[in-house]
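**Q** A single structure is presented below for examination.
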Amino acid sequence: MKIINLEDGKLNSTESSILNLINNDPDFFCTHSIQEVSKESNVSPSTMTRVCQKLGFKSFKSTQMFVYEKSRMQSGYYKLGEDNTIEEIIHNVRGAGIYTINETLNSIDVKEIEEISKKIYSSKRVIIFGLEQQQISASSFVLNLSRINIMAQNVSNIHNYVQRTIFFDENDFAIFITRTGWTKEILESIKWTYNKNIPMLVLTADREITIEQLEKEVDVTKIHMIETQTISNDKIKYPSISSVPGEMIIFDLIFNIIVSQNEKYREMFKKTAEISLNWNFEGKF
């Protein structure tokens, strides 16, 4: 569980070593002076300050405060234990859910999610490919898109996917959901979609493995990819289910961006809410 999420490609080796120290030993980072932390990272205090500012903080001290608060929250909410009692099961499920939602949203690139939302809104057709439990989030998103007249469908196998996208082009949009990052059906469909120049979003719980599996045949810098953050822990008995909250929150975010940036949709939902209230409380539309 990372304290600060930042892609390695955005950091040089010195900056990466400091970030690794923060994520791997937050207690040391929070309880020692800037001189001591700098010495541990083999950098000067001035470099330490510069890296903290690059990470978005005003100073080393403000970075320490953030790391302390977040590590404390993780230890309380995210630390999983045994599930021998109902109370322990509740704690574990809550911790996993809170972690997935918080960390997935914290790692979102604002410009990228806005671009994804615009592409989905302007697409002629949208298709979502997910297996097993990923069909839950896919079906929910398709239902929401249908409420704003965006033509969308979800499929659960490669045969249906290819049949339904054979006439797709750059004016359409494809979304893939993979928990492990190495499911063959998903990977082959991504490659096929890439070769047809169809814009796409890949939701994965393991970005590193997904890129590793694709990079020989796909320029991954040309596709959108979002990592849903999940706790990797043997206490999670149903990992495929635990990844669903991250997928749902991403789809919910995209839907809200589309609606909030289009006045006609805001007015439509306002009228829909009024109709529902009239029916529920007065028995008429």
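The values are calculated or read from the model by the stated rules, or taken from the named source; none is laboratory data. Keep in mind the model is a prediction, meaning the values are calculated, not measured. Quick reminder, even Gly has a Cβ in these numbers, built from the backbone with ideal geometry, and neighbours come from all protein chains shown. Accessible surface areas use protein heavy atoms only, side chains included; no ligands, DNA or RNA. Shrake-Rupley method; radii C 1.70, N 1.55, O 1.52, S 1.80 Å.
**Q** What distance in nm lies between label points placed 7 Å from Cα along the C-beta direction at Glu212 and Trp192?
**A** 2.6
**Q** Test of understanding: extend the Cα→C-beta vector of Thr272 to 7 Å, then name every residue of the stretch 92-131 with backbone N under 20 Å from that spot.
**A** Answer for the stretch 92-131: 117-128.
**Q** Estimate the FRET efficiency between Lys222 and Lys118 by the formula 1/(1 + (r/R0)^6), using the beta-carbon distance for r and 25 Å for R0, to the nearest 0.05.
**A** 0.90
**Q** To the nearest 0.05, how large is the calculated FRET efficiency for Ile90 and Val110 if R₀ is 30 Å and r is the Cβ-Cβ distance?
**A** Calculated value: 0.35.
**Q** If amide hydrogens are placed 1.01 Å from N in the peptide plane, which non-local residues have theirs closer than 5 Å to the one on Val202?
**A** For Val202, whose amide H was placed from the backbone, the distant partners under 5 Å are Phe176, His224, Met225, Ile226.
**Q** Now for a different question. Could you work out, for the stretch 18-64, what percent of all Cα-Cα pairs fall into each 10 Å distance bin, beginning at 0 Å and stopping at the bin that holds the largest distance?
**A** Result, from short to long distances: 31, 65, 3 percent.
**Q** Separate question: On a 0 to 90° scale, report how tilted helix 86-106 is relative to the longest principal axis of the chain, with both axes built from alpha carbons and the result rounded to the nearest 10.
**A** Roughly 90 degrees, rounded to the nearest 10.
**Q** I would also like to ask the following. For the chain, state the average projected area of the convex hull of the C-alpha atoms over all orientations, rounded to one decimal in nm².
**A** 19.0
**Q** May I ask for the angle, rounded to the nearest 10°, between helix 244-260 and the longest principal axis of the chain, with both axes built from Cα atoms and the value confined to 0 to 90°?
**A** Approximately 70 degrees, to the nearest 10.
**Q** Something else now. Taking the full set of protein chains and a 1.4 angstrom probe, give the accessible area of Phe168 in square angstrom, rounded to the nearest 10.
**A** 10
**Q** Further question on the same structure: Within the set of other residues whose C-beta is less than 13 Å from the C-beta of Thr180, count the net charge using Lys and Arg as +1 and Asp and Glu as -1.
**A** Neighbour charge sum, excluding Thr180 itself: -3.
**Q** Let me have the relative contact order for the chain, percent, based on Cα pairs under 8 Å that are six or more residues apart.
**A** Rounded, it is 16 percent for the chain.
**Q** Please tell me the relative contact order of the stretch 87-228 in percent, rounded to the nearest whole number, where contacts are Cα pairs under 8 Å and at least six residues apart.
**A** After rounding, I find 22 percent.
**Q** Something else now. Roughly how many whole Å is it from the C-alpha centroid of the stretch 164-217 to that of the stretch 107-131?
**A** About 13 Å separates the Cα centre of the stretch 164-217 from the one of the stretch 107-131.
**Q** Quick one: ranking Arg50, Arg72 by accessible area, 1.4 Å probe, largest first, what do you get?
**A** Highest to lowest solvent-accessible surface, that is Arg72, Arg50.
**Q** Return an integer: the convex hull volume of the alpha-carbon atoms of the stretch 109-241, in Å³ per residue.
**A** 109
**Q** What residue among Asn149, Ile98, Ile108 has its Cα farthest toward the positive end of the dipole of the stretch 82-175, where the charges are +1 on Lys, Arg and -1 on Asp, Glu, each on the Cβ?
**A** After comparing all options, I get Asn149.
**Q** Related question: If we count every other residue with Cβ under 11 angstrom of Glu170's Cβ, Lys/Arg +1 and Asp/Glu -1, where does the sum land?
**A** +1
**Q** In addition: Just to verify a number: what accessible area does His224 come out at with the full protein assembly present, 1.4 Å probe, Å² rounded to tens?
**A** 20
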